[in-house]
Amino acid sequence: MIKIRQLQFTYQGADQPALANINLCVKSKSIFGLLGPNGAGKTTLLSMLSGLLPRPARSIFIDDCDLSSGNNPCNSGLSLVPQDYAFYQNLTVKENLNFFAGVQGMAKPVLKTRLGEVSEITGLQQRLNQKATTLSGGLKRRLNLAIGLLNSPKLLLLDEPTVGIDPHSRHFILEAIREINRQGTTIIYTSHYMEEVEALCDEIAVLDKGQVVVEGSLQALLQAQGKRSLCVDLIDLPEAQQLEALGKMPGLTHNSLRLDIPVSSEVEILKALETLQEQELGIGRIHYGAHNLEELFLDITQRTLRD
């Protein structure tokens, strides 16, 4: 179990904290999704978990061990796979794996075994003698992941591990992540791809402006946010006359190109649709019922994931 208590961090010279009183619990052997728009604090949080940034005392615990202690054995079971490529382009895949295993003080017999295991998990067996600079984007992502797996981590931190790659490579990496989790590794996963988080994660937390806006079971959050309203996404902003007519609809809320119209019966749904048709609005989509994760995120933050 990973527990984060009242974690705060402010970069030198910044006016606002990057993290403000973060409290989170991550269950062992789960895949935990960490969401937020750009600048929300996700990478800062991963950097503190991994030790790249200093950890305040009694703020981050793994199995009741305080990670602020430098000699804590729990630190050796952590691994971070960053969004940027974290290997040497002019070395081969095998040379990179050997180098990073050596940095960790891994004995040669253990290295040989782990090199074979991580190469199999990431599908790099046939690429060991290929220079990293010649790999495709998807294979470079796999090498990033393979390096992160060398120490058999109990906690794996993944910062957008599928960004900028083709669908085939993306699917392969997602399947590899599932297999890593099945083998008992706890994973904290950040991504800008909502469908990935929905497919992988048991629980999620949404960060915005350095704070946890919501956290919990993904399924429970989606069900709780389900609402009896028509959600209408417009193609163009409505004109003043159209807004005046829409304003007569009880409970309607308007946020830029999105309308939310409360309805409690089929009669009210039909009446709302008739009003929309009468106003000749440019409508891109009408949705009724339970949210998907993207809609939940937009409702919570009032921003898209990449804002």
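Numbers below:
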| item | result |
| --- | --- |
| Residue in region 55-67 that is free of Cβ contacts under 8 Å to residues at least 24 places away in the same chain, farther than 22 Å from Cys25 by Cβ and of a type in the set (A, V, I, L, M) present | no |
| Subset of region 211-221 [assigned to a helix (DSSP H, G or I) and open to solvent by 80 Å² or more (accessible area, probe 1.4 Å)] | Gln219 |
| Search result, residues across region 65-77 that are open to solvent by 50 Å² or more (accessible area, probe 1.4 Å), outside any loop (DSSP other than H, G, I, E, B) and among the polar types (S, T, N, Q) | Ser76 |
| Cβ-Cβ under 7 Å pairs, at least 6 apart or on other chains, region 167-185 side surrounded by fewer than 13 Cβ atoms within 10 Å (Cβ to Cβ), far side among the basic types (Lys, Arg) and in a loop (DSSP other than H, G, I, E, B) | Gly184/Lys29 |
| Hits in region 113-161 - residues which are within 21 Å of the chain's Cα centre (by Cα), among the polar types (S, T, N, Q) and closer than 18 Å to Val103 by Cβ | Asn144 |
| Selection from region 226-276 of residues that are assigned to a loop (DSSP other than H, G, I, E, B) and of a type in the set (D, E, K, R) | Asp236, Glu239, Lys248 |
| Selection count, region 24-50, where residues are open to solvent by 40 Å² or more (accessible area, probe 1.4 Å) and part of a loop (DSSP other than H, G, I, E, B) | 5 |
| Test: residue in region 155-172 that is touching a Leu at 6+ places or on another chain (Cβ under 7 Å) and of a type in the set (Phe, Trp, Tyr) | no |
| Strands (runs of 3 or more DSSP E) enclosed by region 134-210 - at least 2 residues per element that are among the hydroxyl-bearing types (Ser, Thr, Tyr) | 186-190 |
| Residues located in region 1-19, provided they are open to solvent by 20 Å² or more (accessible area, probe 1.4 Å), part of a strand (DSSP E or B) and closer than 17 Å to Ala40 by Cα | Gln6, Gln8, Phe9 |
| Residue pairs meeting the criteria (Cβ under 7 Å; at least 6 apart or on separate chains; first within 20 Å of Phe9 (Cα to Cα), in region 193-218; second open to solvent by less than 60 Å² (accessible area, probe 1.4 Å) and basic (Lys, Arg)) | Leu207/Lys42 |
| Selection count where residues are in contact (Cβ under 8 Å) with a residue 60 or more places away in the chain and β-branched (Val, Ile, Thr), scope region 100-147 | 1 |
| Any hit, region 78-85, residues being in contact with a helix residue (DSSP H, G or I) (Cβ under 6 Å, 6 or more places away or on another chain), under 25 Å from Asn151 (Cα atoms) and part of a loop (DSSP other than H, G, I, E, B) | yes |
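Let's see how each residue does on (1) out of contact with any strand residue (DSSP E or B) (no Cβ under 8 Å at 6 or more places or on another chain); (2) open to solvent by less than 30 Å² (accessible area, probe 1.4 Å); (3) under 28 Å from Ile31 (Cβ atoms); (4) at pLDDT below 90:
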| position | (1), (2), (3), (4) |
| --- | --- |
| Ile187 | no, yes, yes, no |
| Leu207 | no, yes, yes, no |
| Gln223 | yes, no, yes, yes |
| Leu246 | no, yes, no, yes |
| Ile261 | no, yes, no, yes |
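The values are calculated or read from the model by the stated rules, or taken from the named source; none is laboratory data. Note that the structure is predicted; figures quoted are calculated from it, not measured. Reconstructed Cβ throughout: ideal geometry from the backbone, glycine too, with neighbour counts over all protein chains shown. Surface accessibility is based on the protein's heavy atoms, side chains included, excluding ligands, DNA and RNA. Shrake-Rupley method; radii C 1.70, N 1.55, O 1.52, S 1.80 Å.
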